[in-house]
1. Which whole-number value in Å³ per residue fits the convex hull of the alpha carbons of the protein assembly as shown?
2. Can you find, among A:Q183, A:I107, A:Q9, the residue sitting farthest towards the positive end of the charge dipole of the protein assembly as shown, where Lys and Arg contribute +1 and Asp and Glu -1 at Cβ?
3. Regarding chain B, what whole-number volume in Å³ per residue does the convex hull of its Cα atoms give?
4. Express the Stokes-Einstein translational diffusion coefficient of the range B:160-251 in µm² s⁻¹, to the nearest whole number, given a Kirkwood radius over alpha-carbon pairs, 37 °C and a viscosity of 0.692 mPa s.
5. Contact order normalised by length for chain A, with contacts defined as Cα pairs under 8 Å and 6 or more residues apart; what percent is it?
6. So, in Å, what gap is there between the alpha-carbon centers of the range B:165-215 and the range A:22-75?
7. Can you pull the one-decimal nm distance between simple spin-label points at A:H164 and A:L112, each 7 Å off the Cα toward Cβ?
8. How long is the range B:71-217 along each principal axis, judged by its Cα atoms, biggest number first, in Å?
Amino acid sequence: MPDPTYIAQLVLSGLLLGGLYALLAVGLTLIYGVMHFINLAHGDFMIVGAFVTYVLWNALGLHPLLILPIVMVIGFIFVIPIHKTIFEPILDDSVINQLLLTFGLAIMLEALLSFLFGLNSRGVQVEGFASSTIEIGGVFLPMMRILVFVFALVILTALYLFLHYTHIGMGIRATAQDPTAAQVVGVDIDRIQLLVMGIGSALAFGSGALLATILSFEPFSGLTYILIAFAVVSVGGLGSMAGALVAGLVLAIFQTVSTIWVPSSIGNAILFLVFLIMLLVRPEGLFGSIEHGRGLYD
Amino acid sequence: MTVNDRQDSEEENANCQSKDLSRRRFAKIASVTGVTGIAGCLGSSSQGDDSDTILVGGTLGLTGHHSGTTPIYQAGYRTVVKWINDAGGIEVNGEKKEIKLKIYDDENNKQRVKNLYNRLVEKDNADFLLGPYSSSINYTAAGTIEKLGVPAITAGAASPAVFNEVANKWLYSVLSTVDKYNLGIIDTMAQVSPSPNLVGGIRENNQVNQISAQATKEYAKKKGVTFKIIDTYDVETNDLTSSIAKAKSQGTDFLMNLGHLPNDALMVNQAYDLSDNWKGFAVGTAIGTSEFPEQVGTDKARGIIGPQLWSPKINVSNIDKFRSDFKREYKEIAGEKMEPDYHAGLAGVSIQVIRDTIQTASSLDPDALRKTLTSKTYSQTLNGEFSFGDNNVYTPQRSYGVQLQGEDELGLELVAPKEVASAKPIWPMTQFEG
């Protein structure tokens, strides 16, 4: 039986990482929930966000957490021309077309990042309080990971409140439920779609900003994260925000705790094994997918 | 495009594409070494016994994945070529001939490396060859070199497979194979007091580090050091939390990474976050790079141990002069801040081997040179005395333990084996002294 402290270390490390997974996946699921659009470049949006954070941190010398809102605004603006020129024309196309086009976009972003920044791993160093570590009964928790988890939860809570308690949020949820009916009652669908794409991109950029403070990244890291985001969204239930949160936490804990028995080199494989089992056993996900009458508007 | 133009262009490419590793360092070395590269391309492309120069040619991935390391080799070659030429050159049949160095950029590309070695021998008439950098590129180059039948020295092939499977006649190595790579770290652990309870290794999941881990385990057993591979991780990982937590849970107090720079730095940074109960850390190839202390910070890097296959601080009297001259002249070529690491030192050894082989054979005939390579004991080298064993790799193979020591500016001190050490290991690392 493994040492309880060791298990607690892995569970808590996984939990803290799970906040980041959830934040990334919620952006993906929000876009899918409202538009039924799958953006394979979502992981690369996250990495672009990490690089933007890296550049601003170098240029401004500000604490990366203070840069976070700026990065999210940049993320929102970043996707507008992409949505107008690339995404919008294929919103009603087949899923294959969406996948191919967004995959092409992902490759383009990776090439651009490697051209601009080279292939070296990057990271943003935090100092002072944020670089400290808390020890609880032999379990060491880096303060920055705790802060990343807290910030992820704060952003997700703000998003939940926005979707449920604002006029625009209700418009988004109405569009997710029934776009035609929403249009009939006066919701500007095109505007809502642009807004949702912007929010999704801002969430990806935000998760990139948080990622940059605790883990290293490089231009080609996006693929790993889009796969993780897909696993989280599928396990949680396509289009379900609550599902993405729970699945993000559960999968990250699963990923870290599994290394008690298997080498870390196959930790990701374990995560995708859970994903495959879930697809076979409960294809609608933990919280049911939007096709099954549940999801974003829960 | 002329050879000169091509060399210019390759140097330019090298400068442009190396920014992912160490742009400034690369630019500094490449700009100076480029002069010789260009100079090496001047004059007749025809060589042979009747020429007044000896053409030594090779390839390096001056652009591409290894562009941060290859200029170090080039500067190492240049340093010793300059020594030899300043001393009048190499004596062949009673006549002194200078060395002309020609290095092509293979772009770390296997097809290109084949073409370039063919060109070096068939068009440029190279008298002696230098191997490329990295085991996989050497593996490819070895196949071509064996067919061409011109002697070659490599300082960039660590995989035993190159010599066990391909190179058996014409390619010789002055670099220890990867199974010797971490022995210097174990030597260090065998001499420190108090001994570590458990040297816990985490390693990249690839064949090279698998071979290295197995050899390290066997050597540790022989030396009475408790060593265990705790975990393997994906080379492309960006999180070693689970591996480190596993190592900690099994009682590791000396944590060792068998891998490369990004993961070496990652392990150190995350290990500091997950425990304050370590005695120390060892890293892999990162130890000799200037990027490593930059990535983890001077305070965290101080006291970290690592392996080196050559060191300018080897405390052996008969190489004292070589060592000090090499260090001084290497800095003139590569830049004042550049300390020659094992890549540079062994590049220099390659040229010394070529010099001694030609002088002993007193001929540029490939068969005569090969015969000398297989029989001669080389003593006047930066790496002391050695000869080439049955597998064409130098013997006895060496590995050293080094440690980053110093206050504001860290330098590599050679700490093991004791007989050749330049300093005592600082142990435990001062950061963990309670």
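Bear in mind that the values in this text are calculations on the coordinates, not laboratory data. Values in this document were obtained by computation on a predicted structure and should not be read as measured data. Positions of Cβ are generated from backbone atoms using ideal geometry, with glycine treated the same way; all protein chains shown enter the neighbour counts.
1. Looking at the protein assembly as shown, the number lands at 165 Å³ per residue.
2. A:Q9
3. On the way: hull volume 54.5 nm³, N = 434.
Considering the Cα atoms of chain B, their hull volume per residue is 125 Å³.
4. 222 µm²/s
5. Details: 497 pairs, mean separation 110.1, N = 298.
Relative contact order here is 37 percent.
6. One Cα centre to the other: 41 Å.
7. The answer from the label model is 3.6 nm.
8. So the three principal-axis extents are 60, 36, 26 Å.
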